[in-house]
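Just so it is clear, none of the values below were taken in a lab; they were calculated from the coordinates. Since the model is a prediction, treat every value here as computed from it, not as a measurement. A quick note on method: Cβ atoms are made from the backbone with ideal geometry, for glycine too, and the neighbour counts reach across all protein chains shown.
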Amino acid sequence: MSKKDGEAAERIKKYLEQQNRPYSVNDIFMNLHKEIGKTAVQKALDSLVADGCVREKAYGKQKVYVYNQDLFPPLDQEVLVKMDAQIADLTTTLKKTEKENVEVEAQLRNLTSSFTTEEAEKKIMELDAEVTKLQEKLKGLEDNQVLVSAEEREATTKSYTQMNGHWRKRRRLALDMLDAILEGYPNPKKQLMEEIGVETDEEVGVVLPKL
């Protein structure tokens, strides 16, 4: 290995150790401000994996690299307890701040949502047009008119099924990736998801629709 390659490998090793989170080759290339070429990044990672400093996990064609957790010194239990307490305090503060932020944003929306006379007149015209359109649609329904063709229903159903399938596939891949990362991660799954900014469907109030 040349001196330049060795310096690149050492820099990437320190970066992964300091960040202690999984990255792809492109992530590292971009996070180091493109100062090391992508080919050189890949070469350095291959060398670090061979040396046992870094672990590699493949997901199809995509590979993720993380610092070997076995190389970190064992954490003192007392330190872990203090860290957990700090995390709990910070989480409480974050939730409180987020709630306050939502309230402030709501107040701001109320302050900026008032119409001028001209805007109000324009809005009334738009609503009148919408009412007329809905009345015509209602009349069509009352007269048992077919507003959606069989072809349109079939196309919509097919699109819905495809999108649902994509959602389920990507959700499964994301969960598999998290489980793989957790194999070498010393902390609970919830902490890992908070660190890398992952939210579950349940946390954002989304329910996976049935096929």
Size of charge dipole - the chain - debye, nearest 20, with Cβ of Lys, Arg +1 and Asp, Glu -1, no other charges
940
Please report the net charge: other residues with Cβ closer than 12 Å to the Cβ of Tyr15, K and R +1, D and E -1.
0
What is the packing order of peptides 6-19, 170-183, taking the mean over residues of other C-beta atoms within 10 Å and listing the highest first?
6-19, 170-183
Net +/- balance of residues flanking Gln162 in space, Cβ distance below 13 Å, scoring K and R +1, D and E -1
+3
Need one word for the stretch 3-71: rounded, prolate or oblate. Basis is the Cα gyration tensor (sqrt eigenvalues a ≥ b ≥ c); a/c below 1.5 gives rounded, then a/b vs b/c decides.
rounded
Mean separation of Cα pairs under 8 Å and 6+ residues apart, divided by the residue count of the chain: what relative contact order is that in percent?
16
Pop a pseudo-label 7 angstrom from the Cα along the beta-carbon direction at both Leu90 and Lys139 and give the gap in nm to one decimal.
6.3
Under 1.5 on a/c is rounded, so check that first for the stretch 149-211, then, if it is not, pick prolate when a/b is larger than b/c and oblate when it is not; a ≥ b ≥ c are the square roots of the alpha carbon gyration tensor eigenvalues.
prolate
Cα gyration tensor shape for the chain, rounded if a/c is under 1.5, else prolate or oblate:
prolate
With θ taken as phi - 60° and the coefficients 6.51, -1.76 and 1.60, list the Karplus ³J(HN,Hα) couplings across the stretch 15-21 in order, rounded to whole Hz; mark glycine and proline as x.
5, 5, 5, 5, 6, 6, 8
